[in-house]
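**Student:** One structure follows; several queries about it will come next.
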Amino acid sequence: MIKFVNSVQDLHACLLRWQQNGHRIGLVPTMGGLHEGHLSLLSLAKAHCDKVVTTIYVNPTQFSATEDFGSYPRNLSDDLQTLSNKNACDLVYCPQQMYLDNHATQIVSSGVALRLEADSRPHFFNGVATIILKLFNQIKPDVAIFGEKDYQQLMVIKQLVRDLDLQVEIIAGHIQREKDGLAMSTRNSYLSDNERKTASNIYRILQKTARNLQENQSVSEAINAGILELNSVGINNIDYFSINDPNTLEPIAKFNSDARMLIALYVGTTRLIDNIAVPFLSESRIHS
Ligand code: PAF
């Protein structure tokens, strides 16, 4: 039976027993709108921990005034049903109040939080880092799981843990994809049928661009070809399409070691992000 709490007092009462029993506690933070991607993170948590806590909280501080905070899918009863059907966790925490009225402190992330998402969403990572630190402090998990779908977010959290000496192990979960390759995301539900078809090209074009790089195209040639191909399927509004160092997230000018390719774009009015690893194959010839 999954426990449900919405106050920090009830959360602590539940956690205390587990902590006294020496249980290893895993956390999967979410904003709800649960799908197979979230469930895969929860099973990863189960594999590493004795007790799994998930949080469902649409965090206002990571949305700008023009973003979809108001319309973000919220269906708590469906989410709870999904979790209990799959027996996916031991405790669900849906905080009723996360920020006091006079809350006045924010984490300011730099380093891997610069560029990419930050160029279009400058508020985003400070909001994410602040809520995650609050959740870590409230729950004190031994392990926390984050999906590679939000690759930059994952790197920001790892940086937060390293820089602030947080006693939590961060584990990354692989991206879960639909049969046609589209990365699973709560926001996919915004897409019309036609937009959904268009969106299925993203992963194919990422893979093709990665192959082009591995087969000797320069970074700029590969990206330009990828953009043309996105345009040809009707995707014209691209926030970024970039090849970056997988650890520092600095953009790379030359493909001569493993890289991460990251993209953010609009299909209709829906903003989608995706990314893939681009392994450097030793037989690749190197372009400048
Ligand atoms: O990835 C998300 O769903 C959110 O950014 C997170 C990590 C739950 C913080 O609100």
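The values are calculated or read from the model by the stated rules, or taken from the named source; none is laboratory data. No experiment lies behind these values; they were computed from the predicted model shown. Cβ sites come from the backbone with ideal geometry, for glycine too, and all protein chains shown count toward neighbours. Side chains are part of the model used for accessible areas, which takes the heavy atoms of the whole protein and leaves out ligands, DNA and RNA. Shrake-Rupley method; radii C 1.70, N 1.55, O 1.52, S 1.80 Å.
**Student:** Any idea how far apart Ala277 and Lys254 come out in nm if each label point goes 7 Å out from Cα toward Cβ?
**Tutor:** Roughly 2.4 nm, to one decimal.
**Student:** Can you give the convex hull volume of the alpha carbon atoms of the chain per residue, in Å³?
**Tutor:** With only Cα atoms used, the chain gives 140 Å³ per residue.
**Student:** In square angstrom, what is the accessible area per residue of segment 86-199 with a 1.4 angstrom probe?
**Tutor:** On a per-residue basis, segment 86-199 sits at 48 Å².
**Student:** Which residue, Val52, Val168, Val233, tops the fluctuation ranking in a GNM of the chain built on C-alpha contacts under 10 Å?
**Tutor:** Sorting by GNM fluctuation, first place goes to Val233.
**Student:** Moving on. Kirkwood Rh, Cα Rg: Rg to Rh for segment 167-288?
**Tutor:** For segment 167-288, the value is 0.99.
**Student:** If you don't mind, another one. Among the listed pairs Lys86/Lys197; Lys149/Lys208; Lys208/Lys254, which have their C-alpha atoms separated by more than 25 angstrom in this model?
**Tutor:** Lys86/Lys197
**Student:** Expected output is a single nm value to one decimal: the length gained when fully extending between Ala13 and Tyr99, i.e. 0.36 nm times separation in residues minus the C-alpha distance. What is it?
**Tutor:** In short, 28.9 nm is gained.
**Student:** Something else now. Of all accessible surface on segment 114-262 at a 1.4 Å probe, what whole percent is carbon and sulfur?
**Tutor:** It is 45 percent, rounded to a whole number.
**Student:** Also, I was wondering about something else. Counting DSSP beta bridges in the chain, what percent are antiparallel, to the nearest 5?
**Tutor:** So the antiparallel bridges amount to about 50 percent of the total.
**Student:** Which part of segment 10-46 falls in the paramagnetic zone of Lys140, meaning amide N under 16 Å from the point 7 Å along Cα-to-beta-carbon?
**Tutor:** Residues 10-27 qualify, since their backbone N sits under 16 Å from the label point.
**Student:** Also, I was wondering about something else. Residues of segment 1-65: accessible area per residue at 1.4 Å, in Å²?
**Tutor:** Per-residue accessible area for segment 1-65 comes out at 45 Å².
**Student:** Among Ser7, His103, Ser64, whose Cα projects farthest towards the positive end of the dipole of the chain, with charges put on the beta-carbon of Lys, Arg (+1) and Asp, Glu (-1)?
**Tutor:** Ser7
**Student:** While we're on this one: What does the extension gain come out to for Asp119 and His174, with contour length at 0.36 nm per residue minus their alpha carbon separation?
**Tutor:** Separation in residues times 0.36 nm, less the Cα-Cα distance, equals 17.3 nm.
**Student:** Same structure, new question: Any idea what the relative contact order of the chain is, in percent, if you count C-alpha pairs under 8 Å spaced at least 6 apart?
**Tutor:** 17 percent
**Student:** Counting only helical runs of four or more DSSP H residues, what would the 222 nm mean residue ellipticity of the chain come to if each run contributes -39,500 (n - 2.57) and the total is spread over all its residues?
**Tutor:** Roughly -11000 deg cm²/dmol at 222 nm, from the helical runs in the chain.
**Student:** Taking Rh as the Kirkwood radius, which is the inverse of the mean 1/r over Cα pairs, what is the Rg/Rh value for segment 102-200?
**Tutor:** 1.03
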